[in-house]
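Bear in mind that the values in this text are calculations on the coordinates, not laboratory data. Everything numeric here is computed off the predicted structure, so don't read it as measured data. Positions of Cβ are generated from backbone atoms using ideal geometry, with glycine treated the same way; all protein chains shown enter the neighbour counts.
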Amino acid sequence: MTSTVYEAAAPLRRKRSLPTAGTLQWLTWIVVVGLILGPFIPLLYASVRDRPLYEGGGVFTLSAYGDLFADPAFWRAARHTLEYAALTTAMSVVAGAAVAILVARTDLPGRKLFGRLTLLPLLLPSLGLVLGWIVVWGPGGYLSSLVQQHLHLGTLDINTIPGMSVIEATRLLPVAYMTCEAALARADSSLEDAARSAGATPLRVLRNVTVPMLRPALLNSGTLIFTLSLASLGIPLLLGTPHNIQFVSTYLYLQWTNAATPDSPLVSAGATLLLGVATLLLLLRNRLLGAEARYVSVAGKAGRTALLSLRAWRWPLAVLIALYLLFSTVVPVLGLALMSFVAFLTPLVAPWHLFTWSNWQLLGSGVYLRSIEHSALLALAGGIATTALVALATLVAHRSRLPVRRSLPFVMLYPRAIPGLIIGIGFFWAYLLTGAPGSWLRQGIWGILLAFCIRNLPFAYVVMYPTMARIGEELDRAGRSVGAGWWRTCRSIVLPLLRPALFASFVLMFVEILNDYDPALFLVRPGTEVIGTTMLDTFLQGIVGPVASLAMVQVGVTMIVLAIGTFVFKIRVTGGHESDE
Amino acid sequence: MRRAPDIAVESLVKQFGAQRALDNVSFRVAEGELFTLLGPSGCGKSTTLMSIAGFQTPEDGRIEVGGDVFFDAARRLSVPAERRNLGIVFQSYAVWPHMTVFQNLAFPLKVRKTKRGAIHERVLEVLDLVEMGDYAARYPHQLSGGQQQRVALARALVYSPSVLLLDEPFSNLDAKLRERARAWVKELQIRLGLTTIFVTHDQDEALSMSDRVAVMSSGEIQQIGTPEAIYRRPSNRFVAEFVGRVNLLSGTVAAAERGRVALELADGRKLWVDAEHTATPNAQLTLAVRPEALRVEAADASTLNGSNTLEARVESVAFLGDHYQYELRAGDLALTAQTARAVAGERVKVHIPADACAIVD
């Protein structure tokens with residue numbers, strides 16, 4: 001070896017570039033934690049003042065809580081909410097787990113397709129789906145009238161608490177399905193094989209091995225579904241309010257919007273209570289996840305998943321699931337589509353006699369056009385911004401030595417358990433209290449964007465984290481060892497390897513932000529409408545046609561974006577993503 | 001040629017929760033030396049290496065390379081990993097999968113703001129050095145394990161680091177390839193005169209490649225020495241047992257002369273051992289003796305007589321290709337012996353050479 005070769009390379013330059021990696025990491029942490037937890041501080045503050053924050057002065061008091069507890073309407077709403085959440089949780093967890101077992105462990109015909117289709121309600125606009133249900137199954141709805149007319153049978157009355165929880169359960173079933181499916185995919189199927197070879201019948205294996213193995217997944221998804229349905233706003237507002245069934249969420253929303261002088265300390269107190277309950281449930285869920293470790297079977301790499309044979313039940317069960325998907329998802333969407341092309345929808349007159357373009361023509365102007373433009377802009381900007389921020393935060397959380405990094409995963413998943421209306425109220429107060437920047441955010445659509453981004457940011461993390469975890473840490477250590485700093489290593493090595501997850505996160509964020517609405521209900525003002533708020537407003541005014549066409553816009557764009565994501569970027573939404581929450 | 005620096009590691013202490021990962025680890029590596037950290041998994045060898053690399057921060061101690069202080073707990077000083085200018089080959093090779101072989105090697109030079117032309121020249125030069133010149137345009141997934149390892153090594157050399165750290169670089173290769181790779185890396189290391197620290201759990205690797213070996217166990221260095229010293233003169237029981245097979249004989253000191261100790265075994269027999277030992281009579285001692293150091297002869301052979309010769313019964317024989325392995329029993333004493341040729345008969349004589357014994361306890 002000659003000395004020339006050995007000394008050829010230039011020495012490492014010690015250029016100190018600003019900002020240093022540490023500064024960048026701290027900055028990311030402060031921004032993420034500040035944006036997520038920040039809005040809850042003014043919410044708490046607003047709940048212990050004797051007057052709204054926008055009126056100067058005021059003293060500390062707990063009277064808002066007193067008023068809340070003294071109001072019998074609140075207690076009635078609380079009882080309805082609990083009943084609703086319990087029913088929803090029971091139905092969606094049982095059905096979700098059943099579908100997961102059928103898809104992951106049996107020879108059900110078309111199980112892969114069923115697995116994908118089951119996830120659809122999670123991705124389709126939830127407000128649109130509810131409206132579809134109302135159009136098809138509501139009192140005087142297309143199918144419920146048909147059934148009554150020709151079969152003389154009553155259908156489920158969706159304006160009752162059980163009726164509403166059926167709709168909510170179909171919306172949240174994918175959550176249970178994903179968690180259980182991921183748990184089953186992780187679990188070694190040789191555990192079940194072992195039981196079979198020990199002489200147990202397939203049913204016995206199911207009862208004594210498979211279902212017990214799912215217990216943590218059931219508890220975990222059950223808690224999440226319970227939390228989400230506790231604070232659900234769309235279904236109670238659209239179906240409960242017209243029949244005077246109040247829920248905690250609608251109670252707070254109507255107090256805020258309908259009262260001549262909104263009692264904002266009372267609403268803030270109610271929101272704080274909901275926040276407390278949701279947080280407690282989240283902490284409980286984290287404990288359950290901790291306990292899950294003992295259910296993890298180490299050798300999860302077994303190649304082929306052994307199938308339990310359904311024999312004679314194969315086709316009946318497949319038909320049952322197909323019918324469920326048809327009536328819970330496809331039919332409401334078709335109903336909406338039909339609705340958007342007719343003057344009014346009735347089984348008494350053939351729809352082609354009532355055909356009209358007017359519902360679609362309306363979208364070309366006024367508040368409808370504005371909402372579509374806003375939503376498209378927010379989805380695009382929010383998708384990019386959230387993906388960038390979450391990528392940075394995920395790097396800090398899992399690829400840095402920042403002392404506080406371990407708090408980030410918890411903080412990033414927090415908004416998932418927080419009701420949208422609480423996020424909305426929180427940001428409302430936050431903008432109000434932060435002076436000029438706050439009022440700028442409050443005046444335009446960017447304030448809504450921020451709330452949407454924070455609300456949906458857990459999905460971005462949930463998509464990114466598993467990919468990040470699969471990138472071996474030695475790859476970035478190698479980057480550091482050859483002289484690249486933290487940020488350079490992230491930029492040149494980790495982020496390029498993360499690219500598929502970044503695209504997936506963008507697609508998911510785009511869809512979620514496009515279809516989101518409840519945080520915006522507290523932030524929207526004339527001129528800053530988005531599709532969701534306009535749909536809700538218009539529908540509550542009794543106008544259905546343009547709402548159906550707006551919902552179809554959401555459905556159409558969602559399907560197109562997901563299709564592009566699936567085919568171009570090979571994105572697959574699988575159970576694995578949600579499981580790492 | 002630029003001087004390859006020496007490395008001084010002083011009293012490293014690292015705690016993982018309640019477990020002490022490093023307990024006062026100290027050693028010096030001379031310039032151009034290949035120094036091996038050998039031990040079972042969890043002994044702290046990788047933690048030591050990663051502390052030198054800058055990926056672990058010990059609670060206490062000091063690390064100096066070629067006069068530059070990399071880490072000093074007393075001064076709360078720790079140079080970031082990227083400024084240490086060390087070449088590291090990782091266990092998984094960590095060849096970046098989204099870059100071609102060329103890009104993998106070019107990255108360290110780009111970080112150093114080397115000019116384009118110089119990068120091209122240097123990368124090809126180093127690729128030739130590891131005999132991978134034809135693979136510059138390939139992606140890592142198109143390479144075999146052995147080729148990836150060469151790329152990893154080339155990447156660690158391309159910026160002419162002062163020191164090379166190897167973290168179990170051969171553990172992912174199959175047995176045949178591993179032997180070739182060992183010889184090849186050793187040859188390269190001598191040719192480049194690189195100061196090298198090598199981490200392995202494989203004693204053959206450690207013995208065949210190293211100038212000196214440090215045997216580690218539960219966070220402590222048990223012994224530092226040349227491969228011969230480690231093998232022939234293990235300083236304690238752990239080293240004796242970890243590095244190769246060994247017979248352990250316990251007894252009490254019956255007599256001690258200059259350079260010689262007589263050990264009385266449990267059944268009363270005496271063994272003379274060459275050892276500078278200041279043992280007081282009646283002290284408990286344990287001897288280590290390697291199976292291939294024992295001499296085994298048929299019972300009627302007359303070549304073996306006198307002291308340190310025991311009569312033994314053959315319990316089992318195994319043929320292992322290049323040698324025979326005997327499990328013997330002499331009274332209470334179980335012995336394992338290796339011989340090049342088979343010895344006939346159920347009963348044999350075993351001679352324990354006085355110069356083949358090491359006192360380990």
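Numerical summary
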quantity	calculated
Three-way shape call for segment B:237-361 based on the alpha-carbon gyration tensor, with the a/c threshold at 1.5	prolate
Dipole of the protein assembly as shown [Lys/Arg +1, Asp/Glu -1 at C-beta], most positive-end residue of A:G382, A:G138, B:V289	A:G382
Segment B:158-286: relative contact order in percent, alpha carbon pairs under 8 Å with at least 6 residues between	14 percent
Relative compactness, segment B:140-238, computed as alpha-carbon Rg over 2.2 N^0.38 Å	1.17
Cα-based shape type of the protein assembly as shown, given that a ≥ b ≥ c are square roots of the gyration tensor eigenvalues and the cut on a/c is 1.5	prolate
Dipole magnitude of the protein assembly as shown, debye to nearest 20 (Cβ charges: Lys/Arg +1, Asp/Glu -1, about Cα centre)	1400 debye
Environment charge of A:N208, counting only residues whose C-beta is closer than 13 Å and scoring Lys/Arg +1, Asp/Glu -1	+3
Partner aspartates and glutamates for B:K110 [C-alpha distance under 14 Å; skip if fewer than 8 residues away on the same chain]	B:E82, B:E121
Antiparallel bridges, percent of DSSP beta bridges restricted to chain B (to nearest 5)	80 percent
Test item: A:220-233 mean partner chain Cβ contacts at 10 Å	0
Distance between segment A:130-191 and segment A:507-551 - C-alpha centres, whole angstrom	22 Å
Integer Hz, Karplus 6.51/-1.76/1.60 couplings in order for segment A:331-339, x for Gly and Pro	4, x, 5, 4, x, 4, 4, 4, 3
Likely footprinting exposure, A:S549, B:S92, B:S11, fewest C-beta neighbours within 10 Å first	B:S11, B:S92, A:S549
Whole-Å distance, taken between Cα centres, linking segment B:106-120 and segment B:38-55	31 Å
Of every Cα-Cα pair in segment A:312-427, the percent that sits beyond 24 Å	63 percent
Helical contribution to [θ] at 222 nm, DSSP H n ≥ 4, -39,500 (n - 2.57), averaged over chain A, rounded to 500	-21500 deg cm²/dmol
Residues with amide H under 5 Å from that of A:R51, placed H, sequence gap 5 or more	A:V59
Segment A:421-510: radius of gyration and largest Cα-Cα distance (Dmax), Å	18.1, 50
Fewest-first sequence of B:S144, A:S407, B:S217 by Cβ atoms within 10 Å of each Cβ	B:S144, A:S407, B:S217
Relative contact order (%) - chain A, alpha-carbon pairs under 8 angstrom, separation at least six	22 percent
Charge context of A:A64, other residues only, Cβ under 15 angstrom, K/R +1, D/E -1	-3
Simple Cβ-charge dipole of segment B:67-184, Lys/Arg +1 and Asp/Glu -1, about Cα centre, in debye nearest 20	400 debye
Local electrostatic count, A:S232, Cβ distance below 15 Å [Lys/Arg +1, Asp/Glu -1]	-1
Fewest-first sequence of A:R196, A:R442 by Cβ atoms within 10 Å of each Cβ	A:R196, A:R442
